[in-house]
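A.B. asks: Below you will find the structure I want to go over with you.
The values are calculated or read from the model by the stated rules, or taken from the named source; none is laboratory data. A quick note: this is a predicted structure, and the numbers were derived from the prediction, not measured. Every residue, glycine as well, gets a Cβ built from its backbone with ideal geometry; the counts of neighbours run over all protein chains shown. The protein model used for the area step is the full one, side chains on, heavy atoms only, and it has no ligands, DNA or RNA in it. Shrake-Rupley method; radii C 1.70, N 1.55, O 1.52, S 1.80 Å.
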Amino acid sequence: MTADEKRSLARLLDTAGDYLRDGYRRPRAEYTFTDDAFKENGAFKENGAAATPPGMAAPTPLAANSPDGAAPDSLFAVAAEVLHCSACPLHSGRQNAVPGEGVVHPLVLVIGEGPGADEDRLGRPFVGKAGQLLDRMLASVGLSREKNCFIANMVKCRPPGNRDPLPEEIAPCSRFLARQIRLLKPAIILCVGKVSAHALLKTDASMGSLRGRFTPYEVADTQETGGFTVPLLATYHPSAILHDESYKRPAWEDLKLLKQRLRELSPDYEAGA
Ligand code: SF4
């Protein structure tokens, strides 16, 4: 087994354990492995779908029972498929795919554009400088990935040179995000940056014209979850704020708007953060 394969396996097992035990993925240090010969132990099926690892209880489905009798979808299943996905060219340059992390049924689902170098190295979303700023922005309004948020990206593998993901990369990856949104059922979606705002709102309008207000985001009707609507707020990406301080004030205005809506939805939400 290669070091990359072992990292993916360790991350999958830890992710499954975290979701089953705590409902969110815990921050972890980087996994360090060396390549060696590996005898297949049955932790994965041949098609790349996750099987129950030895000694671990089967993952608890997070969705309602599937009406057609098929296995219900789960965040675990999405993460397992992402780790083995090769549906677009980004898979060939990744160290680690980054499915996302946070709590189940979050108050806020934060959606960025794609992993950067630090995220690719660690397999976790928003962990570099921009991620640290995002954590501070969220904390300023009583939110965190440990308590009441889930953080994901439009594409799960790093675009080279940290460029924006291309439409032909976003298209095949959107199915993973769509499943995550249906499973997570967030109270609010926060798009950070124009890539996710454009993709979800199907527009190419400027961030200046999209931010500062909630827009209803319609989640497609499926047999498993039915259709539902989530208020979506778009704001500037933390990396844009780091590069241009003039975005700080409007981003803060957006966060205040977010906090106001969260208090309307759940007056004591900050008590649990
Ligand atoms: S970016 Fe998405 S579609 Fe492309 S290989 Fe990664 S997981 Fe698959």
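A.B. asks: For segment 165-174, state whether one or more residues are open to solvent by less than 10 Å² (accessible area, probe 1.4 Å), without any contact (Cβ under 8 Å) to a residue 24 or more places away in the chain, touching a helix residue (DSSP H, G or I) at 6+ places or on another chain (Cβ under 9 Å) and over 18 Å from residue 189 (Cβ atoms).
C.D. replies: Checked against the condition, which is being open to solvent by less than 10 Å² (accessible area, probe 1.4 Å), without any contact (Cβ under 8 Å) to a residue 24 or more places away in the chain, touching a helix residue (DSSP H, G or I) at 6+ places or on another chain (Cβ under 9 Å) and over 18 Å from residue 189 (Cβ atoms), segment 165-174 yields no hits at all.
A.B. asks: Residues of segment 91-107 being of a type outside the set (Gly, Ala, Ser) and either crowded, with 24+ Cβ neighbours inside 10 Å or in contact with a Lys or Arg (Cβ under 7 Å, 6 or more places away or on another chain) (or both), which ones? Before the answer, list the steps.
C.D. replies: The initial filter retains those residues of segment 91-107 that are of a type outside the set (Gly, Ala, Ser), namely 91, 94-96, 98-99, 101, 103-107.
Residues satisfying the conditions are 94, 95, 96, 98, 99, 101, 103, 105.
A.B. asks: Could I ask something else about it? Residue 189 versus (1) β-branched (Val, Ile, Thr); (2) within 28 Å of residue 116 (Cβ to Cβ); (3) open to solvent by 70 Å² or more (accessible area, probe 1.4 Å): which is the lone unmet condition?
C.D. replies: If we test residue 189 against (1) β-branched (Val, Ile, Thr); (2) within 28 Å of residue 116 (Cβ to Cβ); (3) open to solvent by 70 Å² or more (accessible area, probe 1.4 Å), just (3) comes out false.
A.B. asks: Okay, next question. Which of the residues that make up segment 155-203 are assigned to a loop (DSSP other than H, G, I, E, B) and of a type in the set (Lys, Arg)? Working first, answer last.
C.D. replies: Going residue by residue through segment 155-203, those that are assigned to a loop (DSSP other than H, G, I, E, B) are 155-159, 163-166, 185-187, 193, 202-203.
Answer for segment 155-203, where residues must be assigned to a loop (DSSP other than H, G, I, E, B) and of a type in the set (Lys, Arg): 156, 158, 163, 185, 202.
A.B. asks: Moving on. Which ones in segment 134-190 are closer than 16 Å to residue 94 by Cβ and touching a Ser or Thr at 6+ places or on another chain (Cβ under 7 Å)?
C.D. replies: 154
A.B. asks: Could you list, in sequence order, the residues of segment 92-144 that are closer than 16 Å to residue 195 by Cβ, part of a helix (DSSP H, G or I) and among the acidic types (Asp, Glu)?
C.D. replies: Hit for segment 92-144 is 119, nothing else.
A.B. asks: Of all residues in segment 223-266 being in a helix (DSSP H, G or I), open to solvent by less than 30 Å² (accessible area, probe 1.4 Å) and in contact with a strand residue (DSSP E or B) (Cβ under 8 Å, 6 or more places away or on another chain), which is nearest to residue 153 (Cα to Cα)?
C.D. replies: Among those residues, the one meeting the criterion is 238.
A.B. asks: Any residue that is charged (D, E, K, R), within 16 Å of the ligand (Cβ to nearest atom) and modelled with pLDDT of 95 or more - is there at least one of those in segment 139-149?
C.D. replies: Here is the first cut: in segment 139-149, the ones charged (D, E, K, R) are 145-147.
Next, only the ones that are within 16 Å of the ligand (Cβ to nearest atom) stay: none.
No - not one qualifying residue is present in segment 139-149.
A.B. asks: Further question on the same structure: Restricting to segment 139-163, name every residue that is open to solvent by 20 Å² or more (accessible area, probe 1.4 Å), closer than 23 Å to residue 83 by Cβ and among the charged types (D, E, K, R).
C.D. replies: 146, 158, 163
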